[in-house]
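What follows is calculated from the coordinates using simple rules that are stated; it is not laboratory data. What you see is a predicted model, and the numbers here were worked out from it, not measured in a lab. With ideal geometry, Cβ positions are generated from the backbone for all residues, glycine too; neighbour counts draw on all protein chains shown.
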Amino acid sequence: MTLVQRGRWVTVIALLLLGGVYVRALVFTPEERLQGLAQKIYYVHVPSSWSAMLAMGLLGLASILFLFLKDPRYDRFAAASAEVGTAFSLVMLTTGPLWAKPIWGTWWTWDARLTLTLMMFFMFVGYLVLRGAVTDPALRARYSAVLGICGLVLLPFIHLSVYLFRTLHPMPIVLKPSAPSAPPAMVITLLSSFAVFTLLYVGFVMQRYALGEASNDA
Amino acid sequence: MLSARDVSHAYGSLRALDGITFTLDRGQTLAIFGPNGAGKTTLLKVLAGLIHPRHGTVQLAGGRRAIGWIGHQSQLYGPLTVVENLLFWASLYDVPAAERRTRADELIGRLGLGGQAQQQARTLSRGQAQRAAIARALVHDPSVLLLDEPFTGLDRVAAEELRRLLGELAAAGRATVLVTHNVEEGTELASDIAFMRAGRFVAFGPRAGRDAVSLAASYREAVGGG
Amino acid sequence: MADLVRHAWLVARKDLYLEFRSRTAITSALVFTALVLVVFEHGRDPTAVATIDLAPSILWVTFSFAGMLTLNRAFNAELENQALDGLLLAPISRTSLFWGKLVANLAFVAVVQITGLLLFTLFFNVPVWRVWAPLVAVMILATVGFIAVGTLFSAMVVRTRFAELMLPVLLLPFLLPPLIAAVEATVKLLGGRPLSEISGWLRLLAAYDVTFVTLATLLFPATVTE
């Protein structure tokens, strides 16, 4: 089986599991007392932000590895990860306001986490724009690796600066060090959605990587 | 003076250089002929240390400081005068401050740029710019010359003059590598000849007195079309 | 280390001299700065928003735009006749080259910022003189790291299509942390708050500078050498 086929299977399985997670979320998971049905979007929003961050982290890591080892496979992986990360960022950025409107009463606020994720989205886009503007594959790989590493280092600074600036985002209550304060059923649903989105990321990246392999034999 | 041993370079599955090996002594000139994309410029950049090859080694007596590079771009700063350009490059090569001026003046005289010395580089004609570029490349008295299509864009008279100058430099004991796609341009300067295709030397050896016409036939045979 | 600094200074001095010759970049940056300040003044309703409330944002948005404008200059001159290849061939380290470019860029930005600050004081009647020393410290801290990243990126984008547009797209996320910190600190300074209230922001800026000057220095060779 080729890589793209395997990637397709992983994606299909992940999508089926995603359906399963949503059945569980809607039917078997208790409704949040204050937020009601709107809270159900957590099971897409939170894991897609996880996948986007995973994509950014692995993009940065692949960039570092590329500069040290000069192996084009890392570059191809970084490119795949950036595209998939862009998609997940978009999901996160659209589901966020959908939830925020009924709960916060506004589509968007310049809260720390929102700014951070928006900037992450812009960095993905900037990364892809740069790749599109360089034709020589060797040059493109080095340039995008440099940008990828800078982006990874920048994220904590953006986080810190916007955090000092202002925040009103709900704090993570599932994974905080003390005992989770959410009901166990909710926690399990959320954690399984994390697993499913990670699998989705893997499936997408496998397909995208295979495409890159086919399109430039460089 | 300059040697390459089994130099190979690749990006992914794209082979740019494949097992290049040669040695060049004082006074020798190696002319490398090949079509565009054969890896000629990549090889020069590897020799100059601008590209680290995946495999193989390059040995150069004197290191980067010993290299004089003449390409089809002049590497001059347009807003600076010819003299200022030469003085800047001399300072980068740590030519002693007291010698920079005399070295620059000498090269300007030798290359017939006396009238243009105080002119901004951007106002020079193509031929003048090429001569200024040669002066720039020689300002630190390099012992190895790397020439990347140096005849491109020169008219017949200027090309002839450049050939004469390169001949003089080789006679004065420099080692020269010249790459070009035009067999007619470099043949008479060369002591050694290589034909290059797809990153490899498909033919390599002393010129042994052959002229451009007979070489052109061998070239077509070895490289194809060309 | 002495060589490193000396070579960096040679490169920076050459850049400053080039700019002094043509004066295009610095003139446009200064006119641009003045224009942005004028546009800001007329882009607000004086009865609704007091100058003092808007002043820090005006100052820093102006500085950011002007800073980005000067960055495009740094490697353009190097590509005109491929002089960059000459610099890479010269016996100077990549670090010297990068630092030279960075120092020249910082000098440009400093000229633009000082002029901008004077114009700002003149146009907006803000009591800058009372806090000039800490304000200059904030300006320096907020500029160094950002210009380091900008210098690194400008070395890459000059070889891409749409270079002038590409640079802001890549650079704006990197502007955010220093911009937030600088604006917050300036608000406190102009509001007459004690210095202790901005020490957190200053520390953030210093950390940003150290991190990105180091990172850009380490990554620069990858943008120019294969």
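Using C-alpha pairs under 8 Å with a sequence gap of at least 6, the mean separation divided by the residue count of chain C gives a relative contact order of 28 percent. Taking the charge dipole of the protein assembly as shown about its Cα centre, with +1 at Lys and Arg Cβ atoms and -1 at Asp and Glu Cβ atoms, the residue from A:Phe28, B:Thr152, C:Val112 reaching farthest to the positive side is A:Phe28. Note on B:Arg101 and A:Phe68: the model spin-label points, each 7 Å out from Cα along the C-beta direction, lie 5.3 nm apart. Of the trypsin sites (Lys or Arg not before Pro) found in region C:97-189, those that fall in a DSSP loop while having at most 12 other beta-carbon atoms within 10 Å are C:Arg161. Within the protein assembly as shown, antiparallel bridges make up roughly 55 percent of the DSSP beta bridges whose residues both belong there. Simple point charges give the picture: +1 on the Cβ of Lys and Arg, -1 on the Cβ of Asp and Glu, and for chain A a dipole about the Cα centre of about 140 debye.
Quick check: from the Cα gyration tensor, does the protein assembly as shown come out rounded (a/c under 1.5), prolate or oblate? Oblate. Each label point was placed 7 Å from the Cα along the Cα-to-Cβ direction; for B:His52 and C:Ala133 their separation is 4.7 nm. Mind jotting down the distance between the C-alpha centroids of region A:75-106 and region C:192-226, whole Å? Cα centroid of region C:192-226 versus Cα centroid of region A:75-106: 29 Å apart.
Report the chymotrypsin sites (Phe, Trp or Tyr not before Pro) located in region A:80-132 that are in a DSSP loop and have at most 16 other Cβ atoms inside 10 Å of their Cβ, or state none. Qualifying residues, ordered by number: A:Trp107, A:Trp108, A:Trp110. Take the Cβ atoms of A:Val129 and A:Thr2, set R0 to 35 Å, and the FRET efficiency comes out at 0.75.
The calculated 222 nm mean residue ellipticity attributable to helices in the protein assembly as shown amounts to -22000 deg cm²/dmol, summing -39500 (n - 2.57) over DSSP H runs of n ≥ 4 and dividing by all residues. Candidate membrane-span-like segments in chain C, meaning DSSP H helices with Cα atoms spread over at least 24 Å of their own axis and a Kyte-Doolittle mean of -0.5 or above, are C:2-22, C:24-42, C:51-71, C:94-124, C:132-157, C:163-190, C:199-224, with no membrane implied.
Within 10 Å of each Cβ in peptide B:65-73, how many partner chain Cβ atoms are there on average? Round it to a whole number, please. Intermediate results must be reported in sequence, preceding the final value.
On the way: counts 3, 1, 3, 1, 6, 0, 4, 1, 8.
So the per-residue partner count for this stretch is 3.
Counted by neighbouring Cβ atoms within 10 Å, the residues A:Ser144, B:Ser3, C:Ser57, C:Ser64 run from fewest to most as C:Ser57, B:Ser3, C:Ser64, A:Ser144.
The string of couplings for region B:124-134 from the Karplus curve (6.51, -1.76, 1.60, θ = phi - 60°) is 6, 6, 4, x, 5, 4, 5, 5, 4, 5, 5 Hz, one whole number per residue in order, with x for Gly and Pro. Within chain A, the longest run free of trypsin sites (Lys or Arg not before Pro) that sit in a DSSP loop with at most 15 other Cβ atoms within 10 Å is A:34-165. Dipole magnitude for chain B: about 400 debye, using +1 per Lys or Arg Cβ and -1 per Asp or Glu Cβ, origin at the Cα centre.
The dipole here belongs to region C:150-226: it is taken about the Cα centre, uses +1 on the Cβ of Lys and Arg and -1 on the Cβ of Asp and Glu, and is about 80 debye.
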